[in-house]
Amino acid sequence: MPVERERLDADVLIVGAGPAGLACALHLSRLIAQHNASGAKPELSAENIYVLEKAREIGAHQLSGAVMDPRGLAELVPDWEKTAPLESPVTDDAAYVLTAANAWKLPITPPPLQNHGNYIVSLNKLVKWLGGLVEKSGVNLFTQFDGASLIYESGGIAGVMTGDKGVDKDGKPKDNYTPGYELRAKVTVLAEGPRGSLAKEMVNRLKLDGLNPQVYGIGIKELWEVPAGRIKPGFVAHTLGWPLDASMYGGGWVYGLPNNRVSTGMVIGLDYRDPRFDPHAAFQKYKTHPFLKRILDGGKLVRYGAKTLPYGGWYSMPRTYVDGGLIIGDSASLLNSQRLKGIHIAIKSGMLAAETVFEALKTGDASSKTLSAFPRKIDESWIKKELWAVRNFHQGFRHGLYAGLFHAGLQFVTGGRGLVDPMRTRPGHEEYQKLSGSVPAPERFKGDGALTFDRLTDVYHSGTRHEEDQPCHLVVADLNVCATKCVTEYGNPCQYFCPAAVYEMVQEKGQPRLKINASNCVHCKTCDIADPYQIITWVPPEGGGGPNYDGM
Ligand code: SF4
(Lines give C-alpha, C1' and ligand atoms only; values in the text may rest on other atoms or scores of the structure.)
Protein backbone atom coordinates (compact mmCIF):
# COMPACT_ATOMS: atom_id res chain seq x y z
CA MET A 1 0.00 0.00 0.00
CA PRO A 2 1.33 3.45 -0.82
CA VAL A 3 2.37 5.34 2.30
CA GLU A 4 0.36 8.41 3.15
CA ARG A 5 2.68 11.31 3.79
CA GLU A 6 1.83 14.58 5.43
CA ARG A 7 2.45 17.51 3.12
CA LEU A 8 3.78 20.80 4.44
CA ASP A 9 4.22 23.91 2.33
CA ALA A 10 6.93 26.45 3.03
CA ASP A 11 8.18 29.49 1.18
CA VAL A 12 11.79 28.44 1.55
CA LEU A 13 13.31 25.13 2.54
CA ILE A 14 17.00 25.05 3.47
CA VAL A 15 18.60 21.62 3.67
CA GLY A 16 21.54 21.66 6.07
CA ALA A 17 22.14 23.84 9.13
CA GLY A 18 25.82 24.59 8.64
CA PRO A 19 27.31 28.08 8.24
CA ALA A 20 25.89 28.53 4.70
CA GLY A 21 22.36 27.32 5.46
CA LEU A 22 22.04 29.22 8.72
CA ALA A 23 23.47 32.42 7.20
CA CYS A 24 20.89 32.13 4.44
CA ALA A 25 18.05 31.67 6.96
CA LEU A 26 19.19 34.49 9.24
CA HIS A 27 19.81 37.05 6.50
CA LEU A 28 16.53 36.20 4.78
CA SER A 29 14.57 36.56 8.02
CA ARG A 30 16.04 40.04 8.46
CA LEU A 31 15.27 41.08 4.89
CA ILE A 32 11.70 39.89 5.46
CA ALA A 33 11.44 41.83 8.74
CA GLN A 34 12.63 45.05 7.03
CA HIS A 35 10.29 44.47 4.11
CA ASN A 36 7.27 43.96 6.36
CA ALA A 37 8.21 46.95 8.55
CA SER A 38 8.24 49.17 5.46
CA GLY A 39 4.63 48.18 4.73
CA ALA A 40 5.61 46.70 1.36
CA LYS A 41 3.51 43.91 -0.15
CA PRO A 42 3.24 40.97 -0.27
CA GLU A 43 3.66 40.43 3.45
CA LEU A 44 6.20 37.69 4.05
CA SER A 45 6.92 35.58 7.11
CA ALA A 46 10.12 34.13 8.57
CA GLU A 47 7.97 31.29 9.89
CA ASN A 48 7.66 30.10 6.31
CA ILE A 49 11.39 29.43 6.18
CA TYR A 50 12.18 25.83 7.18
CA VAL A 51 15.67 24.56 7.91
CA LEU A 52 16.27 20.78 7.94
CA GLU A 53 19.20 19.29 9.82
CA LYS A 54 19.94 15.57 10.00
CA ALA A 55 22.02 15.78 13.21
CA ARG A 56 20.52 15.19 16.63
CA GLU A 57 21.14 18.83 17.47
CA ILE A 58 22.37 21.91 15.64
CA GLY A 59 26.15 21.81 15.23
CA ALA A 60 26.57 18.11 16.06
CA HIS A 61 27.87 17.27 12.55
CA GLN A 62 29.99 20.41 12.14
CA LEU A 63 33.71 19.81 11.90
CA SER A 64 36.49 22.05 10.71
CA GLY A 65 40.10 22.89 11.57
CA ALA A 66 39.04 25.71 12.16
CA VAL A 67 40.74 29.06 11.73
CA MET A 68 38.05 31.46 10.60
CA ASP A 69 38.47 34.57 8.50
CA PRO A 70 35.79 36.72 10.18
CA ARG A 71 34.87 38.62 6.99
CA GLY A 72 31.65 36.73 6.31
CA LEU A 73 30.52 36.66 9.92
CA ALA A 74 31.15 40.40 10.30
CA GLU A 75 28.72 41.05 7.44
CA LEU A 76 26.11 38.67 8.82
CA VAL A 77 26.28 39.63 12.50
CA PRO A 78 27.78 43.12 12.80
CA ASP A 79 28.42 42.87 16.58
CA TRP A 80 29.79 39.32 16.28
CA GLU A 81 32.86 40.03 18.41
CA LYS A 82 30.68 40.65 21.45
CA THR A 83 28.68 37.42 21.35
CA ALA A 84 30.18 34.83 18.98
CA PRO A 85 31.88 31.87 20.72
CA LEU A 86 35.47 32.43 19.59
CA GLU A 87 38.20 30.22 21.02
CA SER A 88 41.04 32.67 20.49
CA PRO A 89 42.32 35.30 18.08
CA VAL A 90 45.36 34.01 16.19
CA THR A 91 48.32 35.47 18.06
CA ASP A 92 51.16 33.83 16.17
CA ASP A 93 51.47 31.65 13.09
CA ALA A 94 54.16 29.56 11.51
CA ALA A 95 54.69 27.06 8.72
CA TYR A 96 57.03 24.06 8.95
CA VAL A 97 58.38 21.46 6.58
CA LEU A 98 58.66 18.12 8.35
CA THR A 99 61.12 15.34 7.66
CA ALA A 100 60.97 12.13 9.69
CA ALA A 101 63.12 13.61 12.46
CA ASN A 102 63.12 17.40 12.01
CA ALA A 103 60.79 20.36 11.66
CA TRP A 104 62.15 23.21 9.55
CA LYS A 105 60.41 26.49 10.18
CA LEU A 106 60.00 28.58 7.04
CA PRO A 107 61.57 32.03 7.55
CA ILE A 108 58.37 33.64 6.30
CA THR A 109 54.91 32.10 6.67
CA PRO A 110 53.53 31.87 3.10
CA PRO A 111 50.81 34.53 2.62
CA PRO A 112 47.92 32.01 2.29
CA LEU A 113 48.80 30.58 5.69
CA GLN A 114 49.17 33.94 7.44
CA ASN A 115 46.36 34.18 9.93
CA HIS A 116 46.69 37.49 11.75
CA GLY A 117 43.21 38.96 12.13
CA ASN A 118 41.65 35.47 12.04
CA TYR A 119 40.16 33.46 14.88
CA ILE A 120 40.42 29.88 16.04
CA VAL A 121 36.87 28.66 16.51
CA SER A 122 35.00 25.50 17.28
CA LEU A 123 32.70 25.16 14.28
CA ASN A 124 30.36 23.12 16.45
CA LYS A 125 30.02 25.99 18.96
CA LEU A 126 29.84 28.67 16.27
CA VAL A 127 27.06 26.88 14.43
CA LYS A 128 25.12 26.22 17.67
CA TRP A 129 25.29 29.94 18.39
CA LEU A 130 24.19 30.84 14.85
CA GLY A 131 21.34 28.34 15.20
CA GLY A 132 20.18 30.20 18.31
CA LEU A 133 20.07 33.48 16.37
CA VAL A 134 18.13 31.81 13.58
CA GLU A 135 15.60 30.35 16.01
CA LYS A 136 15.12 33.75 17.63
CA SER A 137 14.40 35.26 14.22
CA GLY A 138 11.29 33.09 13.90
CA VAL A 139 12.61 30.60 11.33
CA ASN A 140 11.54 26.96 11.86
CA LEU A 141 14.52 24.72 12.53
CA PHE A 142 13.92 20.97 12.37
CA THR A 143 16.70 18.74 13.70
CA GLN A 144 16.84 14.94 13.23
CA PHE A 145 15.28 15.25 9.78
CA ASP A 146 17.20 14.23 6.70
CA GLY A 147 16.45 15.18 3.14
CA ALA A 148 15.97 11.71 1.65
CA SER A 149 15.09 12.74 -1.92
CA LEU A 150 14.27 15.80 -3.95
CA ILE A 151 10.88 16.49 -5.48
CA TYR A 152 11.57 17.20 -9.15
CA GLU A 153 9.03 19.22 -11.07
CA SER A 154 9.06 20.82 -14.51
CA GLY A 155 12.81 20.67 -14.99
CA GLY A 156 13.59 22.00 -11.53
CA ILE A 157 12.92 21.16 -7.88
CA ALA A 158 9.92 21.79 -5.65
CA GLY A 159 10.99 20.51 -2.24
CA VAL A 160 12.21 17.47 -0.39
CA MET A 161 10.88 14.18 0.95
CA THR A 162 12.26 13.62 4.42
CA GLY A 163 13.36 10.14 5.42
CA ASP A 164 11.01 7.65 7.07
CA LYS A 165 11.71 6.86 10.71
CA GLY A 166 11.23 3.47 12.36
CA VAL A 167 12.15 1.21 9.44
CA ASP A 168 14.04 -2.02 10.22
CA LYS A 169 17.15 -3.31 8.49
CA ASP A 170 15.06 -5.22 5.96
CA GLY A 171 13.06 -2.13 5.07
CA LYS A 172 9.96 -3.17 7.04
CA PRO A 173 8.10 -0.74 9.30
CA LYS A 174 8.67 -1.14 13.05
CA ASP A 175 6.19 -0.23 15.82
CA ASN A 176 7.50 3.34 15.88
CA TYR A 177 7.25 3.79 12.10
CA THR A 178 6.65 7.40 11.03
CA PRO A 179 6.56 8.20 7.34
CA GLY A 180 8.67 11.10 6.13
CA TYR A 181 7.10 14.42 5.20
CA GLU A 182 6.54 15.84 1.77
CA LEU A 183 8.01 19.30 2.26
CA ARG A 184 7.21 21.58 -0.64
CA ALA A 185 8.73 25.01 -1.05
CA LYS A 186 8.84 27.82 -3.57
CA VAL A 187 12.64 27.73 -3.27
CA THR A 188 14.75 24.82 -1.94
CA VAL A 189 18.30 25.73 -0.96
CA LEU A 190 20.81 22.87 -0.77
CA ALA A 191 23.41 23.62 1.89
CA GLU A 192 24.44 20.07 2.72
CA GLY A 193 28.20 20.64 2.94
CA PRO A 194 30.73 18.71 0.86
CA ARG A 195 29.35 15.90 -1.35
CA GLY A 196 25.75 16.58 -0.34
CA SER A 197 23.66 13.56 -1.28
CA LEU A 198 20.81 15.64 -2.75
CA ALA A 199 23.13 18.09 -4.50
CA LYS A 200 25.11 15.20 -6.00
CA GLU A 201 21.97 13.63 -7.38
CA MET A 202 20.62 16.91 -8.71
CA VAL A 203 23.91 17.89 -10.37
CA ASN A 204 24.03 14.50 -12.12
CA ARG A 205 20.38 14.39 -13.07
CA LEU A 206 20.06 17.95 -14.33
CA LYS A 207 23.59 17.99 -15.77
CA LEU A 208 24.84 20.95 -13.76
CA ASP A 209 28.51 19.96 -13.68
CA GLY A 210 31.19 22.61 -13.65
CA LEU A 211 34.12 22.73 -16.04
CA ASN A 212 36.18 20.36 -13.89
CA PRO A 213 34.89 17.44 -11.82
CA GLN A 214 34.89 18.11 -8.11
CA VAL A 215 37.93 16.84 -6.22
CA TYR A 216 38.09 16.43 -2.47
CA GLY A 217 40.33 16.11 0.50
CA ILE A 218 39.74 14.27 3.75
CA GLY A 219 40.30 16.13 7.01
CA ILE A 220 40.95 14.12 10.17
CA LYS A 221 41.04 15.94 13.47
CA GLU A 222 41.56 15.27 17.17
CA LEU A 223 40.98 17.58 20.08
CA TRP A 224 43.33 17.10 23.03
CA GLU A 225 43.82 18.28 26.57
CA VAL A 226 47.53 18.67 27.29
CA PRO A 227 49.65 19.55 30.32
CA ALA A 228 49.89 23.32 30.94
CA GLY A 229 52.48 25.34 29.05
CA ARG A 230 52.83 23.12 25.98
CA ILE A 231 51.39 25.57 23.45
CA LYS A 232 50.14 29.15 23.63
CA PRO A 233 46.45 29.79 22.97
CA GLY A 234 46.22 31.44 19.57
CA PHE A 235 49.35 29.78 18.13
CA VAL A 236 48.67 28.31 14.71
CA ALA A 237 51.14 26.06 12.89
CA HIS A 238 50.74 24.37 9.52
CA THR A 239 53.06 21.65 8.29
CA LEU A 240 54.01 20.17 4.93
CA GLY A 241 55.88 16.96 4.27
CA TRP A 242 56.26 13.93 6.53
CA PRO A 243 54.53 11.52 6.77
CA LEU A 244 53.10 12.29 3.30
CA ASP A 245 55.37 11.74 0.34
CA ALA A 246 55.92 14.35 -2.34
CA SER A 247 53.40 12.72 -4.71
CA MET A 248 50.58 13.57 -2.28
CA TYR A 249 48.63 16.73 -1.62
CA GLY A 250 48.09 17.62 2.00
CA GLY A 251 49.53 18.70 5.29
CA GLY A 252 48.92 18.94 9.00
CA TRP A 253 48.13 21.50 11.65
CA VAL A 254 48.34 22.16 15.34
CA TYR A 255 46.48 25.03 17.01
CA GLY A 256 46.66 26.17 20.63
CA LEU A 257 43.29 26.70 22.32
CA PRO A 258 42.48 28.14 25.73
CA ASN A 259 42.42 25.87 28.81
CA ASN A 260 45.33 23.72 27.61
CA ARG A 261 43.39 22.29 24.70
CA VAL A 262 44.94 21.57 21.32
CA SER A 263 43.44 21.00 17.90
CA THR A 264 45.54 18.83 15.62
CA GLY A 265 44.79 17.14 12.33
CA MET A 266 45.67 16.51 8.72
CA VAL A 267 44.05 17.18 5.39
CA ILE A 268 44.93 14.85 2.55
CA GLY A 269 43.83 15.11 -1.08
CA LEU A 270 41.66 12.17 -2.11
CA ASP A 271 43.65 11.82 -5.29
CA TYR A 272 46.55 9.75 -4.04
CA ARG A 273 47.94 6.83 -6.05
CA ASP A 274 48.29 3.98 -3.54
CA PRO A 275 44.86 2.35 -3.12
CA ARG A 276 45.95 0.95 0.24
CA PHE A 277 46.99 4.29 1.68
CA ASP A 278 45.32 4.80 5.05
CA PRO A 279 44.68 8.50 5.90
CA HIS A 280 43.79 7.72 9.52
CA ALA A 281 47.04 5.81 10.05
CA ALA A 282 48.99 8.64 8.38
CA PHE A 283 47.52 11.11 10.85
CA GLN A 284 48.33 8.83 13.80
CA LYS A 285 51.91 8.58 12.56
CA TYR A 286 52.02 12.37 12.20
CA LYS A 287 51.43 12.75 15.94
CA THR A 288 54.57 10.72 16.68
CA HIS A 289 56.78 13.37 15.07
CA PRO A 290 58.90 15.10 17.75
CA PHE A 291 57.28 18.43 16.80
CA LEU A 292 53.80 17.12 17.71
CA LYS A 293 54.82 14.64 20.35
CA ARG A 294 56.35 17.26 22.63
CA ILE A 295 52.98 19.05 22.64
CA LEU A 296 50.72 16.02 23.03
CA ASP A 297 52.74 13.65 25.24
CA GLY A 298 51.04 13.06 28.57
CA GLY A 299 47.83 14.65 27.28
CA LYS A 300 44.44 13.14 26.70
CA LEU A 301 42.37 12.64 23.56
CA VAL A 302 39.02 14.42 23.98
CA ARG A 303 37.26 14.20 20.62
CA TYR A 304 37.79 12.80 17.13
CA GLY A 305 36.22 13.54 13.78
CA ALA A 306 36.63 13.30 10.03
CA LYS A 307 35.08 15.14 7.15
CA THR A 308 35.77 15.80 3.50
CA LEU A 309 36.27 19.21 1.93
CA PRO A 310 35.87 20.29 -1.69
CA TYR A 311 39.23 21.25 -3.23
CA GLY A 312 38.15 21.89 -6.80
CA GLY A 313 37.48 25.61 -6.40
CA TRP A 314 36.08 27.92 -9.06
CA TYR A 315 36.33 25.59 -12.05
CA SER A 316 34.56 22.76 -10.20
CA MET A 317 31.59 24.92 -9.26
CA PRO A 318 28.38 23.38 -10.61
CA ARG A 319 25.59 25.51 -12.01
CA THR A 320 24.19 26.78 -8.72
CA TYR A 321 20.57 27.48 -9.72
CA VAL A 322 17.64 25.62 -11.23
CA ASP A 323 13.92 26.34 -11.28
CA GLY A 324 12.97 26.44 -7.59
CA GLY A 325 16.43 25.65 -6.26
CA LEU A 326 19.91 26.87 -5.31
CA ILE A 327 23.14 25.16 -4.23
CA ILE A 328 25.33 27.06 -1.76
CA GLY A 329 28.42 26.74 0.46
CA ASP A 330 30.70 23.69 0.26
CA SER A 331 28.04 21.86 -1.80
CA ALA A 332 28.69 24.50 -4.49
CA SER A 333 32.52 24.22 -4.28
CA LEU A 334 32.74 27.55 -2.44
CA LEU A 335 35.94 26.97 -0.45
CA ASN A 336 39.43 28.40 -0.79
CA SER A 337 41.66 25.32 -0.78
CA GLN A 338 44.84 27.39 -0.88
CA ARG A 339 43.97 29.10 2.42
CA LEU A 340 42.14 26.00 3.73
CA LYS A 341 39.23 28.25 4.54
CA GLY A 342 35.56 28.03 3.69
CA ILE A 343 33.50 29.26 6.65
CA HIS A 344 33.61 32.92 5.59
CA ILE A 345 32.73 32.05 1.98
CA ALA A 346 29.96 29.70 3.06
CA ILE A 347 28.41 32.48 5.16
CA LYS A 348 28.67 35.03 2.37
CA SER A 349 27.18 32.59 -0.16
CA GLY A 350 24.28 32.01 2.24
CA MET A 351 23.68 35.77 2.45
CA LEU A 352 23.77 36.18 -1.34
CA ALA A 353 21.38 33.24 -1.69
CA ALA A 354 19.06 34.93 0.83
CA GLU A 355 19.02 38.13 -1.25
CA THR A 356 18.23 36.10 -4.37
CA VAL A 357 15.44 34.15 -2.66
CA PHE A 358 14.02 37.37 -1.21
CA GLU A 359 13.56 38.74 -4.75
CA ALA A 360 11.87 35.49 -5.77
CA LEU A 361 9.44 35.73 -2.85
CA LYS A 362 8.64 39.39 -3.54
CA THR A 363 8.00 38.86 -7.23
CA GLY A 364 6.41 35.43 -6.86
CA ASP A 365 8.82 34.13 -9.50
CA ALA A 366 11.16 31.37 -8.31
CA SER A 367 12.11 30.27 -11.80
CA SER A 368 15.72 29.94 -12.85
CA LYS A 369 15.37 33.35 -14.50
CA THR A 370 15.11 35.00 -11.05
CA LEU A 371 17.43 32.57 -9.27
CA SER A 372 20.19 33.02 -11.87
CA ALA A 373 20.90 36.26 -10.01
CA PHE A 374 22.73 34.12 -7.42
CA PRO A 375 25.85 33.33 -9.49
CA ARG A 376 25.85 36.96 -10.72
CA LYS A 377 25.88 38.14 -7.11
CA ILE A 378 28.79 35.78 -6.43
CA ASP A 379 30.62 37.22 -9.44
CA GLU A 380 30.15 40.75 -8.13
CA SER A 381 31.17 39.91 -4.56
CA TRP A 382 34.54 39.31 -2.90
CA ILE A 383 33.91 35.56 -3.23
CA LYS A 384 34.81 35.67 -6.93
CA LYS A 385 37.84 37.86 -6.28
CA GLU A 386 39.15 35.44 -3.68
CA LEU A 387 38.40 32.20 -5.54
CA TRP A 388 39.40 33.49 -8.99
CA ALA A 389 42.93 34.20 -7.74
CA VAL A 390 43.32 30.51 -6.77
CA ARG A 391 41.25 28.96 -9.56
CA ASN A 392 44.06 26.64 -10.71
CA PHE A 393 45.67 26.04 -7.32
CA HIS A 394 44.74 22.46 -6.54
CA GLN A 395 45.06 21.32 -10.15
CA GLY A 396 48.70 22.48 -10.12
CA PHE A 397 49.51 19.79 -7.54
CA ARG A 398 48.22 16.94 -9.67
CA HIS A 399 51.77 15.85 -10.47
CA GLY A 400 53.07 16.16 -6.93
CA LEU A 401 54.35 18.67 -4.43
CA TYR A 402 57.26 20.16 -6.35
CA ALA A 403 55.31 20.70 -9.56
CA GLY A 404 52.52 22.14 -7.40
CA LEU A 405 54.79 24.65 -5.67
CA PHE A 406 56.15 25.72 -9.06
CA HIS A 407 52.64 26.25 -10.43
CA ALA A 408 51.50 28.00 -7.23
CA GLY A 409 54.39 30.49 -7.56
CA LEU A 410 53.54 31.23 -11.19
CA GLN A 411 49.86 31.54 -10.39
CA PHE A 412 50.67 33.95 -7.57
CA VAL A 413 52.43 36.38 -9.92
CA THR A 414 49.86 36.03 -12.71
CA GLY A 415 46.70 36.51 -10.63
CA GLY A 416 45.82 32.81 -10.70
CA ARG A 417 46.35 32.19 -14.42
CA GLY A 418 49.67 30.33 -14.28
CA LEU A 419 50.95 28.32 -17.26
CA VAL A 420 47.59 26.91 -18.34
CA ASP A 421 44.19 28.40 -17.64
CA PRO A 422 41.85 26.69 -17.07
CA MET A 423 43.94 23.83 -15.79
CA ARG A 424 41.95 20.63 -16.09
CA THR A 425 41.71 17.80 -13.63
CA ARG A 426 39.97 14.47 -13.27
CA PRO A 427 38.15 12.80 -10.37
CA GLY A 428 40.49 11.70 -7.57
CA HIS A 429 39.45 8.04 -7.72
CA GLU A 430 40.85 7.82 -11.27
CA GLU A 431 44.34 8.46 -9.87
CA TYR A 432 44.65 5.06 -8.11
CA GLN A 433 47.33 2.78 -9.48
CA LYS A 434 46.22 -0.82 -9.84
CA LEU A 435 48.04 -3.41 -7.73
CA SER A 436 50.67 -5.30 -9.67
CA GLY A 437 50.34 -8.97 -8.86
CA SER A 438 49.44 -10.30 -5.46
CA VAL A 439 50.60 -7.70 -2.97
CA PRO A 440 50.20 -8.71 0.69
CA ALA A 441 47.79 -6.46 2.61
CA PRO A 442 49.57 -3.98 4.86
CA GLU A 443 49.29 -4.55 8.58
CA ARG A 444 46.60 -2.43 10.18
CA PHE A 445 47.61 0.40 12.47
CA LYS A 446 46.91 -0.42 16.11
CA GLY A 447 48.18 2.59 18.02
CA ASP A 448 49.74 2.68 21.47
CA GLY A 449 46.54 3.77 23.20
CA ALA A 450 48.21 6.91 24.59
CA LEU A 451 49.47 9.09 21.73
CA THR A 452 48.10 7.08 18.83
CA PHE A 453 44.88 5.13 18.44
CA ASP A 454 43.20 2.58 16.23
CA ARG A 455 40.13 3.66 14.33
CA LEU A 456 37.59 2.13 16.70
CA THR A 457 39.02 4.02 19.67
CA ASP A 458 38.84 7.20 17.64
CA VAL A 459 35.25 6.49 16.52
CA TYR A 460 34.33 6.09 20.19
CA HIS A 461 35.64 9.64 20.73
CA SER A 462 33.48 10.98 17.89
CA GLY A 463 30.30 10.37 19.89
CA THR A 464 28.84 8.52 16.90
CA ARG A 465 25.48 6.84 17.45
CA HIS A 466 22.98 5.33 15.02
CA GLU A 467 19.83 3.31 15.40
CA GLU A 468 21.20 -0.21 14.77
CA ASP A 469 18.06 -1.74 13.25
CA GLN A 470 17.68 0.35 10.10
CA PRO A 471 18.49 -0.13 6.41
CA CYS A 472 22.20 0.23 5.66
CA HIS A 473 22.86 3.81 4.58
CA LEU A 474 25.95 2.81 2.59
CA VAL A 475 24.47 1.43 -0.58
CA VAL A 476 26.84 -0.75 -2.59
CA ALA A 477 25.49 -1.26 -6.08
CA ASP A 478 27.29 -4.55 -6.73
CA LEU A 479 28.88 -6.52 -3.88
CA ASN A 480 30.32 -8.94 -6.43
CA VAL A 481 32.68 -6.26 -7.66
CA CYS A 482 34.00 -5.90 -4.10
CA ALA A 483 34.56 -9.63 -3.72
CA THR A 484 36.20 -10.21 -7.09
CA LYS A 485 37.46 -7.37 -9.26
CA CYS A 486 38.31 -4.94 -6.47
CA VAL A 487 40.21 -7.59 -4.45
CA THR A 488 42.68 -8.12 -7.28
CA GLU A 489 42.73 -4.69 -8.91
CA TYR A 490 42.86 -2.38 -5.89
CA GLY A 491 42.88 -4.50 -2.72
CA ASN A 492 39.58 -3.01 -1.50
CA PRO A 493 40.58 0.61 -0.73
CA CYS A 494 37.38 1.17 1.29
CA GLN A 495 39.02 -0.79 4.12
CA TYR A 496 41.80 1.81 4.19
CA PHE A 497 40.28 5.19 3.29
CA CYS A 498 37.34 4.98 5.68
CA PRO A 499 38.46 6.71 8.89
CA ALA A 500 35.82 4.92 10.95
CA ALA A 501 36.46 1.20 10.26
CA VAL A 502 33.11 0.80 8.52
CA TYR A 503 34.30 -1.47 5.70
CA GLU A 504 35.90 -4.85 6.36
CA MET A 505 36.68 -7.70 3.97
CA VAL A 506 35.88 -10.96 5.75
CA GLN A 507 36.15 -14.58 4.60
CA GLU A 508 32.89 -16.45 4.35
CA LYS A 509 32.92 -20.06 3.14
CA GLY A 510 36.39 -19.42 1.78
CA GLN A 511 35.26 -16.41 -0.25
CA PRO A 512 35.88 -12.72 0.44
CA ARG A 513 32.80 -10.71 1.43
CA LEU A 514 32.41 -7.02 2.23
CA LYS A 515 31.07 -6.44 5.74
CA ILE A 516 29.69 -2.98 6.43
CA ASN A 517 29.69 -1.73 10.03
CA ALA A 518 27.38 1.16 9.18
CA SER A 519 26.79 2.32 12.74
CA ASN A 520 30.45 3.48 12.98
CA CYS A 521 29.98 5.95 10.13
CA VAL A 522 31.03 9.53 10.96
CA HIS A 523 29.36 10.90 7.78
CA CYS A 524 32.61 12.06 6.18
CA LYS A 525 31.46 10.92 2.68
CA THR A 526 34.92 9.65 1.71
CA CYS A 527 33.54 6.31 0.49
CA ASP A 528 31.06 8.02 -1.83
CA ILE A 529 33.99 9.97 -3.31
CA ALA A 530 36.98 7.63 -3.26
CA ASP A 531 35.57 4.24 -4.26
CA PRO A 532 37.43 3.29 -7.47
CA TYR A 533 34.32 1.88 -9.17
CA GLN A 534 31.95 4.58 -7.88
CA ILE A 535 29.52 1.94 -6.65
CA ILE A 536 29.17 3.19 -3.07
CA THR A 537 26.40 5.70 -2.48
CA TRP A 538 26.13 7.39 0.88
CA VAL A 539 22.49 8.10 1.69
CA PRO A 540 21.34 9.74 4.92
CA PRO A 541 20.64 7.28 7.74
CA GLU A 542 17.62 7.80 9.99
CA GLY A 543 17.59 11.41 11.19
CA GLY A 544 19.43 12.03 14.44
CA GLY A 545 22.16 9.44 13.75
CA GLY A 546 25.82 10.26 13.26
CA PRO A 547 28.66 11.86 15.18
CA ASN A 548 28.45 14.38 17.97
CA TYR A 549 31.24 16.89 17.39
CA ASP A 550 30.65 18.67 20.66
CA GLY A 551 33.32 21.38 21.09
CA MET A 552 35.13 20.41 17.82
FE1 SF4 B 1 33.12 8.19 5.90
FE2 SF4 B 1 31.95 6.41 4.29
FE3 SF4 B 1 33.40 5.59 6.38
FE4 SF4 B 1 31.02 6.77 6.73
S5 SF4 B 1 31.39 4.82 5.74
S6 SF4 B 1 32.89 7.20 7.87
S7 SF4 B 1 31.01 8.26 5.09
S8 SF4 B 1 34.14 6.67 4.58
Contact order normalised by residue count of the stretch 430-538, Cα under 8 Å, 6+ apart, percent:
31 percent
Taking only the alpha carbons of the stretch 430-538, what extent do you get along each of the three principal axes, in Å, biggest first?
38, 34, 33
For the chain, the percent of accessible surface on carbon and sulfur atoms (probe 1.4 angstrom, ligands and nucleic acids excluded) is 52 percent
Would you mind counting up the charge near Asn176? Only other residues with Cβ under 15 Å from its Cβ, with Lys and Arg at +1 and Asp and Glu at -1.
-3
Computed Rg/Rh for the chain (Cα atoms; Rh = Kirkwood radius) stands at 0.95
For an R0 of 22 angstrom, estimate the FRET efficiency from the Cβ-Cβ distance between Glu4 and Glu153 and round to the nearest 0.05.
0.65
Extending each Cα 7 Å along its Cβ direction at Asp170 and Arg294, get the distance between those two points in nm, one decimal.
6.1 nm
Contact order relative to length for the chain, counting C-alpha pairs under 8 Å separated by 6 or more residues, stands in percent at 20 percent
Would you please put 534-540, 55-61 in order of how densely packed they are, using the mean number of other Cβ atoms within 10 angstrom per residue and starting with the highest?
55-61, 534-540
Please report the spacing between the Cα centers of the stretch 18-83 and the stretch 382-441 in Å, no decimals.
34 Å
If the chain between Thr91 and Asp448 were fully stretched, how many nm would it gain, using 0.36 nm times the residue separation less the Cα-Cα distance?
125.2 nm
Peptides 239-247, 303-311 ordered by average Cβ neighbours within 10 Å, highest first
303-311, 239-247
Heavy-atom accessible area per residue, the chain, 1.4 Å probe: how many Å²?
40 Å²
Share antiparallel - DSSP beta bridges, the chain, percent rounded to 5
70 percent
Residue by residue, what Karplus-based ³J(HN,Hα) values in Hz, rounded to whole numbers, does the stretch 518-535 have, using 6.51, -1.76 and 1.60 with θ = phi - 60° and x for Gly and Pro?
4, 6, 7, 4, 9, 6, 7, 6, 4, 5, 5, 8, 9, 5, x, 9, 6, 10
With 0.36 nm assigned to each residue of separation and the Cα-Cα distance removed, Thr488 to Glu380 gains 33.8 nm
Loop-located GluC sites (Glu not before Pro) in the stretch 417-513 whose Cβ has at most 10 other Cβ within 10 Å (DSSP):
Glu443, Glu468
Checked the stretch 274-341 against the a/c 1.5 cut and the a/b vs b/c comparison, axes a ≥ b ≥ c from its Cα gyration tensor; verdict prolate
Return the distance in nm (one decimal) between the two label points of a simple spin-label model at Ala477 and Ala228, each offset 7 Å from Cα along Cα→Cβ.
5.8 nm
For Ala37 and Thr178 in the same chain, what is the full-extension length gain: residue separation times 0.36 nm, less their Cα-Cα distance, in nm?
46.8 nm
How much FRET efficiency would the formula 1/(1 + (r/R0)^6) give for Tyr402 and Glu508, where r is the Cβ-Cβ distance and R0 is 35 Å, rounded to 0.05?
0.15
Hits among aspartates and glutamates - C-alpha to C-alpha of Lys125 under 12 Å, sequence gap 8 or more where chains match:
Glu57, Glu87, Asp550
Out of Cys527, Thr488, Thr464, whose Cα points farthest toward the positive end of the dipole of the stretch 430-538 (charges: +1 Lys, Arg; -1 Asp, Glu; placed on Cβ)?
Thr488
Positive end of the charge dipole of the chain (Lys, Arg +1 and Asp, Glu -1 on Cβ, about the Cα centre): tell me which of Gly428, Gly400, Asn204 has its Cα farthest that way.
Gly400
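The values are calculated or read from the model by the stated rules, or taken from the named source; none is laboratory data. Keep in mind that this is a model prediction, so the values were computed, not measured. Because the Cβ atoms are built from the backbone with ideal geometry, glycine has one as well, and the counts that use them run over all protein chains shown. Each accessible area value is taken on the protein alone, full model and side chains, heavy atoms only, with ligands, DNA and RNA left out. Shrake-Rupley method; radii C 1.70, N 1.55, O 1.52, S 1.80 Å.
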